[in-house]
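Asker: Supplied in structure tokens, the structure appears directly below.
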Amino acid sequence: MPLILRAFRTLTAEADKLLGRHELGRAHFRALGAIALEPGATLGEVITTLGVTVQAINRIMIVFHKRALIRAELDPVDRRRRRLFLTDEGQRIFDEVMAAQLTVMRHAAGVCGGDGFEAYRAFVRALADAPPSRNAT
């Protein structure tokens with residue numbers, strides 16, 4: 001198995017277990033993260049951030065609303081827009097899962113040492129900012 005896939009499996013293993021206990025998946029976690037990292041984002045902004053379809057985000061939002069993981073507030077300037085925020089429960093779940101992933105990353109950073117960790121951060125930043133593959137379907 002390629003190294004990057006093993007690393008991804010290690011990074012997500014505990015997070016997947018925690019999400020499973022909450023009957024949530026990775027897509028839910030990504031959406032929680034988009035809202036957690038940009039409180040007050042509109043649904044359109046979350047869709048753009050995640051690069052998903054309206055249909056995909058609607059399925060996630062139905063779960064979030066039923067479980068009271070997010071709340072929507074009318075925008076004070078444009079009352080046609082609703083701003084999204086995590087509820088305390090939504091924030092708790094996001095923090096719990098993120099903490100599990102940060103534990104794995106901190107361990108890896110400790111193994112790498114200072115210079116190695118800076119190289120890792122530069123690599124991850126470059127990977128995150130890389131243009132999509134031209135061969136993607």
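Read-outs throughout are calculated quantities, based only on the coordinates presented, and are distinct from any laboratory measurement. Since the structure is predicted, the reported quantities are computational estimates derived from the model, not experimental observations. No Cβ is skipped: glycine too gets one built from the backbone with ideal geometry, and neighbour counts run over all protein chains shown.
This table checks each residue for (1) farther than 23 Å from ALA34 by Cβ; (2) surrounded by fewer than 14 Cβ atoms within 10 Å (Cβ to Cβ).
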| position | (1), (2) |
| --- | --- |
| THR87 | no, no |
| ILE93 | no, no |
| MET98 | no, no |
| GLN101 | no, no |
| HIS107 | yes, yes |
| VAL111 | yes, yes |
| VAL124 | no, yes |
| ALA130 | no, yes |
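Asker: Would you be able to tell me the number of residues in region 14-37 that are assigned to a helix (DSSP H, G or I) and either of a type outside the set (A, V, I, L, M) or surrounded by fewer than 13 Cβ atoms within 10 Å (Cβ to Cβ) (or both)?
Answerer: Residues in region 14-37 being assigned to a helix (DSSP H, G or I) and either of a type outside the set (A, V, I, L, M) or surrounded by fewer than 13 Cβ atoms within 10 Å (Cβ to Cβ) (or both): 11 in total.
Asker: Test each condition in (1) under 30 Å from GLU23 (Cα atoms); (2) not in a helix (DSSP H, G or I) for GLU96 and report the one that comes out false.
Answerer: With respect to (1) under 30 Å from GLU23 (Cα atoms); (2) not in a helix (DSSP H, G or I), GLU96 is out only on (2).
Asker: Can you run down the residue pairs with Cβ atoms below 9 Å, 6 or more apart or on separate chains, where the first is in region 2-31 and free of Cβ contacts under 8 Å to residues at least 24 places away in the same chain and the partner is surrounded by 11 or more Cβ atoms within 10 Å (Cβ to Cβ) and outside any helix (DSSP H, G or I)?
Answerer: ASP16/GLY25; GLU23/ARG67; ARG30/VAL52
Asker: Moving on. Considering only residues that are among the aliphatic types (A, V, I, L, M) and within 14 Å of MET98 (Cα to Cα), which ones fall in region 28-50?
Answerer: Within region 28-50, ALA31, LEU32, ALA34, ILE35, ALA36, LEU37 meet the criteria.
Asker: Scan region 61-85 for residues that are in a loop (DSSP other than H, G, I, E, B) and loosely packed, with under 15 Cβ neighbours inside 10 Å and jot them down.
Answerer: Residues satisfying the conditions are ALA68, ASP75, PRO76, VAL77, ASP78, ARG79, ARG80.
Asker: Further question on the same structure: Hey, could you check region 1-13 for residues that are of a type in the set (Val, Ile, Thr) and surrounded by fewer than 16 Cβ atoms within 10 Å (Cβ to Cβ) and say which is farthest from GLU96 (Cα to Cα)?
Answerer: ILE4
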